[in-house]
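Heads up: the structure comes next, in structure tokens.
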Amino acid sequence: MHLGTRSSRASLILDFLATHHAETVYLVGDIVDNWHPMSGNWKPAHHQVLQRLFDLPRTGTRVVYVPGNHDDFFRNYAGQRVGGIEVEIDVVHQATDGRRYLVTHGDICDLFSVNSPLLERAGRLMERIAVGVDVAQRSILRRAGQPEWFGIERAISRTSAAIRKYDHFEERLAHLAKSGGYDGIICGHFHHAALHDGFGITYANCGDWAGSNTAIVEDFDGRLDLVRVSDPAACEAVMATPFDKEGELPLAI
């Protein structure tokens with residue numbers, strides 16, 4: 001979610017939480033971004049998101065928070081409850097159909113995070129600047145009545161895909177789940193939403209709420225779906241979309 005940054009789409013998060021109800025909600029890290037000063041970037045909607053998340057346990061919803069590298073301070077509270085929210089380093093989710101998934105943020109398998117944290121921070125800062133420019137130029141075009149330009153988003157997506165291809169991030173996470181005897185892994189961290197069985201095990205990346213605006217949901221028969229909120233009033237499942245050559249779902253719907 002990266003609450004506290006300009007790129008966080010808090011209004012879309014609120015819409016998703018208002019239109020989707022679950023027995024259990026997993027917050028897969030980077031909920032609040034403490035890497036950069038929040039002064040000027042913290043909006044009322046960001047506070048509303050946190051308030052909504054803290055309200056969920058009071059209404060009977062189990063909420064499990066798995067902190068990420070941008071909110072790693074909260075890893076100090078692993079094994080405790082904060083406002084009714086369970087804080088864990090990772091957790092196992094058993095789906096309705098009996099399949100067991102390891103739920104983790106994912107930075108444990110990111111070589112940049114482990115070996116070059118300063119380089120990773122520099123890269124994330126550059127990405128955040130690019131996303132901010134993208135958000136600003138789209139807003140200007142909409143106000144001018146012009147069609148939106150997606151060039152920056154495509155460049156970010158292609159760069160991310162290239163890094164993912166040569167870094168083998170997904171393969172390492174899939175191997176981690178396999179070695180633990182799990183049927184799949186659910187993660188975040190790498191801002192590229194995906195849901196596939198390309199490594200002989202289910203790999204589910206919920207994406208983010210700072211650009212792709214996606215989430216992984218489980219229906220009543222245990223099937224996982226990748227959903228994307230395309231505007232404040234619409235949320236559409238994309239699992240029916242055919243896989244591409246690499247077994248990944250396209251982000252655009």
Checklist entry - So how many residues does the range 196-217 have that are over 30 Å from Val135 (Cα atoms) and crowded, with 20+ Cβ neighbours inside 10 Å? => result 1
Item to check | Residues of the range 171-201 that turn out to be closer than 10 Å to Leu102 by Cα and among the polar types (S, T, N, Q), as a count | outcome: 0
Item to check | Yes/no for Ala174 being in a helix (DSSP H, G or I), surrounded by 14 or more Cβ atoms within 10 Å (Cβ to Cβ) and at pLDDT 85 or above | outcome: yes
Checklist outcome for this item: Those strands (runs of 3 or more DSSP E) completely within the range 182-221 that have 3 or more residues that are modelled with pLDDT of 95 or more are 184-187, 202-205, 214-218
Next on the checklist: Could you go through the range 38-47 and let me know if any residue there is in contact with a strand residue (DSSP E or B) (Cβ under 6 Å, 6 or more places away or on another chain), at negative phi, at pLDDT 90 or above and not hydroxyl-bearing (Ser, Thr, Tyr).
Outcome noted: yes
Checklist outcome for this item: Taking the range 5-64 and keeping only residues that are closer than 15 Å to Val87 by Cβ and charged (D, E, K, R), one is left with Asp30, Arg62
Item to check | Selection count where residues are acidic (Asp, Glu) and either over 18 Å from the mean Cα position of the chain (by Cα) or at pLDDT 80 or above (or both), scope the range 99-141 | outcome: 2
Checklist entry - Out of all the residues in the range 150-169, is one or more at pLDDT below 90, farther than 24 Å from Arg99 by Cβ and among the aromatic types (Phe, Trp, Tyr)? => result yes
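The values are calculated or read from the model by the stated rules, or taken from the named source; none is laboratory data. The model shown is predicted, which means the values in this text are computed figures rather than measured ones. Backbone-built Cβ (ideal geometry, glycine too); neighbour counts: all protein chains shown.
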